[in-house]
Amino acid sequence: MSLTTPSLMIDGVTLMAMSAAIITLFGGIQIVYRGFWWWVGAQWSATLGLLLLNFTNWHTSILPLANLLVLQWPIVVLGGVRRFYPRHALRIAPSVDLLMLATIFTAWLALWVVQGRTVAEVAAVSAGASILHLYSAVLTAKLHDFRRSSALKILFVALCFTGVVHMLRAIQAHSHLLSWLSVDSLRMASGFATTMMALLMVYLCVQLTYERTSRKMRESQRQLRYLADMDMLTEVPNRRHFYELADEALASTETGAASIVMFDIDHFKLINDEMGHAAGDAALRKVARCVRDTLRGRDVAGRIGGDEFALLLPETPGQDAVSVADRIATQLRVHTDADFAGPLSLSFGVVLVKPDENINEAMRRADRALYEAKRQGRSCAVIASGTDEDLVFSTSQAMGLSTI
């Protein structure tokens, strides 16, 4: 496979060896992912193949091994890409990749054995290299991450370019139809393609690793943010995040058109003491599930602490907020199983957010309304109106008696 002049071959081997050494060093000092060492192996194998091509004039029996080591490059690189993106399975199985390589190499080998080192053999190996590069390019473009990965797009372009160069050389070697392209020009183009791929693989290995690391870091940050914002037991926002969400919701809600509801589980301490903390945790999860199933997408719920929860209901007057509370309590009664001695019940305190009031002030009034609901007999809701100094409480309304 005498593709270039001796000087270009030496340059190609040198650059390929340098790129292989660089990515090997990179893999030794950085965190890398599945498939990376396939790319390293492809580089070193191609380097050895190019090196052996320089000695084929001395001993022609070296040629099959040299050609195989050069031809393997796009297929082994593709194998690394497959393993780098294991969740994005391609419709064509990896065994087809190896079958393509084996078929093309066997076809060239048969031609070489019959005819020896001829123009037809050069055309055959160039055509085979073209097919393998274009095949790898097509499968690379089929990956799910192709559209958002600049490195995959660059790899696709490089594979296509190299495949076209090999195809042009195959056509020129076989039929000389391309009168506008000289053999020397194609040799130069082949040398350039080899040099380009050698340098490009350094960038691609680093860039693909960087892209994967960046995605993992973003996912880790998302998970950490979730852990910081959510109460893990009930899967609703924790106290801090509830206040953040409530402030945002109030800022985008018409003045005076939002209600705050605070509620807790009646006799929760008794549940923990008599039935154990596992039963208490189960009760909290049941309450949170009923809340999630009842609220609208724009409503905000949170676990304030212990068995105490809070709701912000935008564009909801006080009496409508009581209806929401009743639906939550009713669902809880319906879905409470025989693990509890009796039905779980909730007490609610409801306030309408005032035009000049922030979330902290409204929560203090709602907490006092909740305390009043406890005083009036539990399993009920009380609406508080008036100022902090002169709160007026409504008569309690029984909760959990309606039908769903």
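Each value in this text was obtained by applying a stated rule to the coordinates, not by laboratory testing. The structure presented is a predicted model; accordingly, all values stated were derived computationally and were not measured. Neighbour counts are summed over all protein chains in view; Cβ atoms, including those assigned to glycine, are modelled from backbone coordinates with ideal geometry.
For segment 35-52, the residues whose backbone nitrogen is under 20 Å from a point 7 Å from the Cα of LYS142, taken along Cα to Cβ, are 35.
The relative contact order of segment 6-226 comes to 23 percent, based on Cα pairs under 8 Å that sit 6 or more residues apart. Pairwise alpha-carbon distances in segment 6-226 exceed 31 Å for 22% of all pairs. Divided by 2.2 N^0.38 Å, where N counts the residues, the Cα radius of gyration of segment 77-164 comes to 1.24.
With K and R counted +1 and D and E -1, the other residues having a Cβ less than 12 Å from that of ALA151 yield a net charge of +1.
Each Lys and Arg Cβ is given +1 and each Asp and Glu Cβ -1; about its Cα centre, the chain then shows a dipole of about 1960 debye.
With respect to the chain, whose longest principal axis is taken over its alpha-carbon atoms, helix 359-375 is tilted by about 50°.
Think of segment 6-226 as having a plus end and a minus end, set by charges on the Cβ of Lys, Arg, Asp and Glu; of LEU69, MET16, ILE31, ILE31 sits farthest toward the positive end of this dipole. Thinking of segment 219-265 as a set of Cα atoms, what percent of all their pairs are more than 13 Å apart? Taking all Cα-Cα pairs of segment 219-265, the fraction more than 13 Å apart is 67 percent.
Electrostatic bookkeeping for THR209 treats Lys and Arg as +1 and Asp and Glu as -1; over the other residues with beta carbon under 14 Å from its beta carbon, the sum is +3. Per the Cα gyration tensor, segment 241-321 maps to an equivalent ellipsoid with semi-axes of 28, 11, 11 Å, ordered largest to smallest. Using C-alpha pairs under 8 Å with a sequence gap of at least 6, the mean separation divided by the residue count of the chain gives a relative contact order of 12 percent. Computed log10 I(q)/I(0) for segment 236-398 at 0.14, 0.16, 0.19 Å⁻¹: -0.65, -0.85, -1.18, from the Debye equation with unit scatterers placed on every C-alpha and solvent omitted. The listed peptides 58-69, 135-146, 308-319, ordered by packing as a protection proxy, come out as 308-319, 135-146, 58-69 (highest mean of other Cβ atoms within 10 Å first). Helix content alone sets the calculated 222 nm mean residue ellipticity of the chain: runs of n ≥ 4 DSSP H residues at -39500 (n - 2.57) each, divided across all residues, give -22000 deg cm²/dmol. Taking trypsin sites (Lys or Arg not before Pro) across segment 262-300, the ones in a DSSP loop with at most 15 further Cβ atoms lying within 10 angstrom of their Cβ are ARG296, ARG298. Using only alpha-carbon positions in the chain, the gyration tensor eigenvalues give semi-axes of 75, 20, 17 Å once each is multiplied by 5 and square-rooted (largest first). Once C-alpha pairs closer than 8 Å and six or more residues apart are averaged by separation and normalised to the residue number of segment 236-398, the relative contact order reads 27 percent. Hey, what angle do you get for helix 239-251 against the long axis of the chain, alpha-carbon based, 0 to 90 degrees rounded to 10? Roughly 90 degrees between the two axes.
If R0 equals 45 Å, the separation of the Cβ atoms of LEU227 and THR106 corresponds to a calculated FRET efficiency of about 0.20. Judged by the mean number of other Cβ atoms found within 10 Å, the most tightly packed of the peptides 230-236, 258-264 leads the ranking 258-264, 230-236. Against the main long axis of the alpha-carbon atoms of the chain, helix 94-115 sits at an angle near 0°. For PHE348, the residues whose modelled amide H falls within less than 5 Å of its own, excluding neighbours fewer than 5 places apart on the same chain, are CYS380, ALA381, VAL382.
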